[in-house]
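For reference, the structure discussed in these notes is given below.
The values are calculated or read from the model by the stated rules, or taken from the named source; none is laboratory data. All figures in this text were calculated on a predicted structure; none of them were measured in a lab. Methodologically, a virtual Cβ is constructed for each residue, glycine included, from the backbone with ideal geometry; neighbour enumeration extends over all protein chains shown. In case anyone asks, the SASA skips ligands and DNA or RNA and just uses the protein heavy atoms, side chains included. Shrake-Rupley method; radii C 1.70, N 1.55, O 1.52, S 1.80 Å.
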Amino acid sequence: MELSALSIHRAHELLKNKDISAVELTRAVLSRIAAVDDGIRAYLTVDADGALSAAGHADELIRQGRITPLTGIPVALKDLICTRGIGTTCGSRILENFVPPYDAHVVQRLRAENAVIMGKLNMDEFAMGSSTEHSAFIKTRNPWDQTRVPGGSSGGSAAAVAADMCLGSLGSDTGGSIRQPASHCGVVGMKPTYGRVSRFGLVAFASSLDQIGPFAKNVKDCALLLLAISGHDPADSTSVPRGVPDYSAGLSGDLSGLTVGLPREYFDTPGLSPDVAAAIENAVDTFTSLGAACVEVTLPHTDYAVAAYYVIAPCEASSNLARYDGVKYGFRDNSESDLMQMYNNTRSIGFGAEVQRRIIIGTYALSAGYYDAYYKKASQVRTLIIDDFNTAFETCDLLLSPTAPTPAFKIGETVDDPLAMYLSDVFTLSANLAGIPGISVPCGFSTEGLPIGLQLMGPHFSEEILLKAAYCFEQAAGVCNRKPNLNK
Amino acid sequence: MKITREEVLHVARLARLKLDVAGVDAFCGQIADILAYVDKLSQVDTTGVEPTSHAISLTNALRGDEPGRHLDRDLALANAPDHENGTFLVPRIID
């Protein structure tokens with residue numbers, strides 16, 4: 001077995017027993033990137049020197065017996081997580097030359113564990129998109145079928161894990177941007193509860209919805225990464241001061257006593273692919289055989305979630321992205337000598353079409369005369385969506401649904417039809433509106449051999465239960481062991 | 001509500017965006033489609049429903065009024081497109 005194909009927890013055992021060194025492991029991952037990333041295009045930046053130096057330091061610590069679960073483990077980051085001294089582009093021309101002067105909180109935490117940061121991963125510009133086609137730089141391809149998208153916006157983070165170009169990665173999820181690409185690339189991806197992980201150093205898209213989370217090859221690795229990045233950070237005022245349980249401790253046993261809710265509206269969605277429906281039906285049977293009771297529940301405002309989201313997220317984005325003015329950092333257009341023209345040109349050249357579309361929608365929805373009809377109305381519907389979840393969680397412990405209505409779509413399929421792309425987020429974005437955690441776990445394959453993901457969502461701070469349920473399912477279903485064939 | 005081409009151009013000016021004239025019709029069409037879709041929110045009865053701005057409500061996160069560590073000036077200016085004498089430079093605004 002290639003070292004790059006190892007899981008985090010298996011690599012940790014080998015490092016701990018000194019069967020392999022962190023430098024060997026890092027070199028194997030660098031070779032893997034060199035061999036397959038020409039085709040997949042997941043990385044925007046590979047920091048080979050930094051990675052090898054961190055690996056050397058990790059080996060020194062391991063020799064001294066100072067090893068934590070992530071010491072010497074090669075990981076990579078979505079390119080909107082600030083890394084001191086390593087460019088952070090957010091997939092945008094406007095930040096093409098931006099080199100952060102500080103590390104994001106999650107990066108500080110990974111460095112404190114002496115994880116090895118391999119580099120930065122491609123994404124839809126400012127995390128706006130579901131396909132990673134809206135990157136200003138490259139189009140990432142799905143490792144399972146290179147004519148298809150990896151999903152998005154954290155498409156690079158999902159593809160890199162699926163193609164063994166890192167052992168785990170971090171992404172961000174504002175409306176499904178971790179869970180949907182995890183589903184499309186056949187890996188595990190988790191959006192934690194809002195406030196569980198600090199957003200300090202995460203480039204802001206929609207601040208009430210954004211949350212950082214892990215991608216991994218299996219649920220156990222996902223739990224290890226989540227533990228490493230969770231917890232209160234005074235530098236993020238929305239970070240929740242609450243203890244962090246050992247997420248990997250409860251990964252065993254069966255699911256007897258667990259009640260799993262099946263949201264009727266998610267199964268009645270027009271456009272749900274028959275392959276996805278069949279895979280989810282099998283998954284429900286697996287949950288039942290593990291001892292869980294599966295019951296139908298209802299989330300009556302589901303049909304309005306996409307509309308509420310596509311008001312709230314662009315409103316927050318239009319405000320957050322006002323800071324890109326060509327003054328303090330980032331791109332500036334110098335073609336005209338007037339300040340106002342400088343602003344206009346800088347933003348028009350620096351931002352891509354999807355970002356400009358959302359800034360305009362958000363600015364319009366927040367402008368005088370339209371505020372009540374759009375932003376206030378959407379915020380009220382958000383309350384109703386939260387109420388739906390609260391009512392459902394009175395009768396079940398967690399919710400089971402597909403992660404996405406279809407397997408990965410073809411590159412180019414939705415580029416001219418943004419609304420069609422937005423509708424593909426129908427199962428994931430309610431969790432962001434409600435601030436609840438969700439996880440996507442591989443549950444099967446389509447007739448064309450494309451991965452299909454199962455989503456579990458739970459109440460605020462129910463990560464332990466979600467991970468346990470996902471783990472038991474993963475062990476019983478056994479679909480995590482299949483790997484894409486990158487030679488075809 | 002149907003958004004007009006003039007309204008899109010007006011909002012773009014407010015947002016300090018200069019739209020590419022060649023693509024403006026397609027762009028307006030896409031924005032109109034999205035706004036037409038989100039208009040379905042008007043079907044929901046929200047009488048008496050409080051709006052939610054954050055799903056996890058925390059009361060104000062306060063800290064002591066003590067100076068913390070901050071970036072030093074050279075580092076803060078390192079990414080600036082233009083700077084001089086420790087300040088950010090912008091095009092002249094007063095003649």
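Quick test for you: out of A:THR71, A:THR45, A:THR89, pick the one residue that is open to solvent by less than 10 Å² (accessible area, probe 1.4 Å), over 15 Å from A:VAL161 (Cα atoms), outside any helix (DSSP H, G or I) and modelled with pLDDT of 95 or more. It would help to see each step written out before you state the result.
Details: A:THR45 fails: open to solvent by less than 10 Å² (accessible area, probe 1.4 Å); A:THR89 fails: open to solvent by less than 10 Å² (accessible area, probe 1.4 Å).
Just a single option satisfies the conditions, and that option is A:THR71.
How about the stretch A:350-385: which of its residues are out of contact with any helix residue (DSSP H, G or I) (no Cβ under 8 Å at 6 or more places or on another chain) and more than 7 Å from chain B (Cβ to nearest Cβ)?
Scanning the stretch A:350-385 gives A:ALA368, A:GLY369, A:ASP372.
Can you give me the number of residues within the stretch A:6-24 that are part of a helix (DSSP H, G or I), touching a residue at least 60 places away in the same chain (Cβ under 8 Å) and over 28 Å from A:GLY91 (Cβ atoms)? Spell out how you get there, then give the answer.
If we filter the stretch A:6-24 for residues that are part of a helix (DSSP H, G or I), which is where we start, we get A:8-16, A:22-24.
Still in the list and also touching a residue at least 60 places away in the same chain (Cβ under 8 Å): A:8-9, A:11-12, A:22.
Applying the additional criterion that residues be over 28 Å from A:GLY91 (Cβ atoms) yields A:9, A:11-12, A:22.
Selection size over the stretch A:6-24: 4.
Quick one: in the stretch A:307-335, of everything that is of a type in the set (A, V, I, L, M) and in a helix (DSSP H, G or I), which residue is most open to solvent (accessible area, probe 1.4 Å)? It would help to see each step written out before you state the result.
We begin by selecting, within the stretch A:307-335, every residue of a type in the set (A, V, I, L, M); these are A:307-308, A:311-313, A:317, A:321-322, A:327.
Subsequent filtering for residues that are in a helix (DSSP H, G or I) retains A:307-308, A:311-313, A:317, A:321-322.
On the way: A:ALA307: 0, A:ALA308: 0, A:VAL311: 3, A:ILE312: 1, A:ALA313: 0, A:ALA317: 0, A:LEU321: 0, A:ALA322: 60 Å².
Ranking the qualifying residues of the stretch A:307-335, first place goes to A:ALA322.
Looking at A:ALA477, is it in contact with a Lys or Arg (Cβ under 9 Å, 6 or more places away or on another chain) and either at pLDDT 95 or above or among the small types (Gly, Ala, Ser) (or both)?
Details: in contact with a Lys or Arg (Cβ under 9 Å, 6 or more places away or on another chain): no; either at pLDDT 95 or above or among the small types (Gly, Ala, Ser) (or both): yes.
Here the answer is no, as A:ALA477 does not meet what is asked.
If you go through the stretch A:367-378 one residue at a time, do you hit one that is at pLDDT below 95 and open to solvent by less than 40 Å² (accessible area, probe 1.4 Å)? Break it down stepwise before answering.
Filtering the stretch A:367-378 down to residues at pLDDT below 95 leaves A:367-373.
Filter once more, so that each one left must be open to solvent by less than 40 Å² (accessible area, probe 1.4 Å): A:367.
Yes, the stretch A:367-378 contains a residue that is at pLDDT below 95 and open to solvent by less than 40 Å² (accessible area, probe 1.4 Å).
Looking only at the stretch B:83-95, filter to residues that are at pLDDT 90 or above and facing chain A (nearest Cβ under 7 Å); which one of those is farthest from A:TYR329 (Cα to Cα)?
Step one: filter the stretch B:83-95 for residues at pLDDT 90 or above, giving B:83-91.
Next cut, facing chain A (nearest Cβ under 7 Å) only: B:88, B:90-91.
Values: B:PHE88: 10, B:VAL90: 12, B:PRO91: 15 Å.
Restricting to residues being at pLDDT 90 or above and facing chain A (nearest Cβ under 7 Å), the top hit is B:PRO91.
Which ones in the stretch A:404-450 are open to solvent by less than 30 Å² (accessible area, probe 1.4 Å) and part of a helix (DSSP H, G or I)? Outline the logic, then answer.
Restricting attention to the stretch A:404-450, the residues satisfying the condition of being open to solvent by less than 30 Å² (accessible area, probe 1.4 Å) are A:404-405, A:407-409, A:414, A:418, A:421-422, A:424-444, A:446, A:449-450.
A:PRO418, A:MET421, A:TYR422, A:LEU429, A:SER430, A:ALA431, A:ASN432, A:LEU433, A:ALA434 - these are the residues of the stretch A:404-450 that are open to solvent by less than 30 Å² (accessible area, probe 1.4 Å) and part of a helix (DSSP H, G or I).
Go through (1) within 30 Å of B:ALA55 (Cβ to Cβ); (2) within 7 Å of chain B (Cβ to nearest Cβ); (3) hydroxyl-bearing (Ser, Thr, Tyr); (4) touching a Leu at 6+ places or on another chain (Cβ under 9 Å) and name the single condition A:THR391 misses.
Unmet for A:THR391, out of (1) within 30 Å of B:ALA55 (Cβ to Cβ); (2) within 7 Å of chain B (Cβ to nearest Cβ); (3) hydroxyl-bearing (Ser, Thr, Tyr); (4) touching a Leu at 6+ places or on another chain (Cβ under 9 Å): (2).
Considering only residues of the stretch A:92-110 that are part of a loop (DSSP other than H, G, I, E, B) and either touching an Asp or Glu at 6+ places or on another chain (Cβ under 8 Å) or of a type in the set (S, T, N, Q) (or both), which is surrounded by the fewest Cβ atoms within 10 Å (Cβ to Cβ)? Reasoning before the result, please.
Step one: filter the stretch A:92-110 for residues part of a loop (DSSP other than H, G, I, E, B), giving A:92, A:96-104.
Restricting the remaining residues to those that are either touching an Asp or Glu at 6+ places or on another chain (Cβ under 8 Å) or of a type in the set (S, T, N, Q) (or both) gives A:92, A:97.
Details: A:SER92: 28, A:ASN97: 13.
Only one residue fits best here, namely A:ASN97.
Mind checking which residues of the stretch A:50-68 are over 26 Å from A:GLY330 (Cα atoms) and outside any loop (DSSP other than H, G, I, E, B)? Walk me through how you get there before you give the answer.
Initially, the stretch A:50-68 is screened for residues over 26 Å from A:GLY330 (Cα atoms), giving A:52-68.
Residues satisfying the conditions are A:LEU52, A:SER53, A:ALA54, A:ALA55, A:GLY56, A:HIS57, A:ALA58, A:ASP59, A:GLU60, A:LEU61, A:ILE62, A:ARG63.
Is it fair to say A:PHE473 is in contact (Cβ under 8 Å) with a residue 60 or more places away in the chain, within 14 Å of another protein chain (Cβ to nearest Cβ) and farther than 27 Å from A:ASP124 by Cβ? Give the derivation first.
Numbers: in contact (Cβ under 8 Å) with a residue 60 or more places away in the chain: yes; within 14 Å of another protein chain (Cβ to nearest Cβ): no; farther than 27 Å from A:ASP124 by Cβ: yes.
In short, no.
Read through the list (1) at the interface with another protein chain (Cβ under 7 Å from one of its Cβ atoms); (2) surrounded by fewer than 13 Cβ atoms within 10 Å (Cβ to Cβ), then give the number of the only condition that B:GLN30 fails.
(2)
The conditions are (1) open to solvent by 10 Å² or more (accessible area, probe 1.4 Å); (2) over 13 Å from A:ALA308 (Cα atoms), and A:SER401 fails exactly one of them. Which is it?
(1)
Which ones in the stretch B:46-65 are among the charged types (D, E, K, R) and facing chain A (nearest Cβ under 9 Å)?
Just the residues of the stretch B:46-65 that are among the charged types (D, E, K, R), to begin with: B:50, B:63, B:65.
Once the filter is applied, which keeps residues that are among the charged types (D, E, K, R) and facing chain A (nearest Cβ under 9 Å), the stretch B:46-65 yields B:GLU50, B:ARG63.
Restricting to the stretch B:66-77, and then to whatever is open to solvent by 70 Å² or more (accessible area, probe 1.4 Å) and in a loop (DSSP other than H, G, I, E, B), can you tell me which residue is nearest to the other protein chains (Cβ to nearest Cβ)?
Once the filter is applied, the top-ranked residue is B:LEU71.
Considering only the stretch A:10-32, I want to know if a residue exists there that is crowded, with 18+ Cβ neighbours inside 10 Å, of a type in the set (Gly, Ala, Ser) and over 25 Å from A:ALA159 (Cβ atoms).
yes
Quick one: A:ASP233 ticks every box in (1) more than 15 Å from the chain's Cα centre (by Cα); (2) within 20 Å of A:SER169 (Cβ to Cβ) except a single one, so which number is it?
(2)
Looking only at the stretch B:14-27, how many residues end up being modelled with pLDDT of 90 or more and more than 8 Å from chain A (Cβ to nearest Cβ)?
Number of matching residues: 0.
Quick one: in the stretch A:319-348, which of the residues that are more than 9 Å from chain B (Cβ to nearest Cβ) and touching a residue at least 12 places away in the same chain (Cβ under 8 Å) is nearest to A:TYR374 (Cα to Cα)? Write out each step before concluding.
At the first step, the residues of the stretch A:319-348 found to be more than 9 Å from chain B (Cβ to nearest Cβ) are A:319-320, A:323-324, A:333, A:335.
Of the ones still in play, those that are also touching a residue at least 12 places away in the same chain (Cβ under 8 Å) are A:319-320, A:324, A:333.
Working: A:SER319: 15, A:ASN320: 18, A:TYR324: 25, A:ASP333: 33 Å.
Restricting to residues being more than 9 Å from chain B (Cβ to nearest Cβ) and touching a residue at least 12 places away in the same chain (Cβ under 8 Å), the top hit is A:SER319.
Considering each of A:TYR364, A:TYR304 in turn, give the residue that is part of a helix (DSSP H, G or I) and closer than 30 Å to A:THR259 by Cβ. Can you show your working first?
On the way: A:TYR364 fails: closer than 30 Å to A:THR259 by Cβ.
Just one listed residue meets the conditions, A:TYR304.
Is it the case that some residue within the stretch A:113-124 is surrounded by 24 or more Cβ atoms within 10 Å (Cβ to Cβ), at positive phi and not aromatic (Phe, Trp, Tyr)?
Yes.
Would you tally the residues in the stretch A:336-355 being over 27 Å from A:PRO101 (Cα atoms) and either of a type in the set (S, T, N, Q) or open to solvent by 60 Å² or more (accessible area, probe 1.4 Å) (or both)? It would help to see each step written out before you state the result.
Taking the stretch A:336-355 first, the residues over 27 Å from A:PRO101 (Cα atoms) are A:336-338, A:340-341, A:353-354.
Then drop every residue that is not either of a type in the set (S, T, N, Q) or open to solvent by 60 Å² or more (accessible area, probe 1.4 Å) (or both), which leaves A:336-338, A:340-341.
So the count comes out to 5.
Only one of A:ASP275, A:ASP268 is within 26 Å of the chain's Cα centre (by Cα), at pLDDT below 95 and among the acidic types (Asp, Glu); which? Walk me through it before giving the result.
On the way: A:ASP275 fails: at pLDDT below 95.
Within the list A:ASP275, A:ASP268, the selection yields A:ASP268.
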